[in-house]
Amino acid sequence: MAEEHQRVIVSNRKARHEYHILDTLEAGIALRGTEVKSLRKGNANLQDAYALVKNGEIWLLGMHISPYEQGNINNHDPVRTRKLLLQKKEIRKLLAKVQEKGLTLVPLSVYFKGAYAKVELAIAQGKKSYDKRAALKERDARREISQRLKRSIT
């Protein structure tokens with residue numbers, strides 16, 4: 001079986017700083033024609049996006065896809081609510097986890113897998129401010145160590 005080509009269009013870099021990622025899964029996304037064309041050009045933003053379960057379906061809110069430049073009057077609303085496509089058992093699993101205290105659904109990235117647009121969805125728990133500071137400290141320490149190692153080698 002041939003490996004399918006994935007091309008990440010947009011990623012939510014801030015999500016890994018703001019949340020502890022507990023689990024991830026892949027979901028399809030229902031898009032309109034002009035949204036797909038705009039997404040292929042990379043005109044999207046996941047900055048304030050989140051997902052929620054409503055009436056047994058999962059919806060993505062706050063994702064911005066810029067209107068397609070060559071679009072006409074049938075162009076899409078940039079921040080409309082979009083349906084995520086998952087199987088019933090996956091939705092039930094997500095619903096059970098989201099009902100736990102402090103857990104939320106955060107989109108990490110949007111990419112094309114073959115001809116289909118996919119969203120990498122994470123079950124996440126919000127970090128406290130001291131967790132964020134600790135993560136920054138750790139990242140700075142790793143950077144310092146790698147720089148010193150590079151200097152000692154050369």
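The values are calculated or read from the model by the stated rules, or taken from the named source; none is laboratory data. Remember, it's a predicted structure, so these values are computed and weren't measured experimentally. Glycine also receives a Cβ, built like all others from the backbone with ideal geometry; neighbour counts cover every protein chain displayed.
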Any chance Ser109 is modelled with pLDDT of 90 or more and either within 21 Å of the chain's Cα centre (by Cα) or over 29 Å from Glu57 (Cα atoms) (or both): yes
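Check Asn72, Asn43 and return the single one that is of a type in the set (S, T, N, Q), in contact with a strand residue (DSSP E or B) (Cβ under 7 Å, 6 or more places away or on another chain) and either surrounded by 12 or more Cβ atoms within 10 Å (Cβ to Cβ) or over 17 Å from Ala30 (Cβ atoms) (or both).
Asn43
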Residue within region 18-27 that is over 28 Å from Arg139 (Cβ atoms) and more than 14 Å from the chain's Cα centre (by Cα) present: no
Residue satisfying all of: in region 75-107; in contact (Cβ under 8 Å) with a residue 60 or more places away in the chain and assigned to a strand (DSSP E or B); surrounded by the fewest Cβ atoms within 10 Å (Cβ to Cβ) among these: Thr104
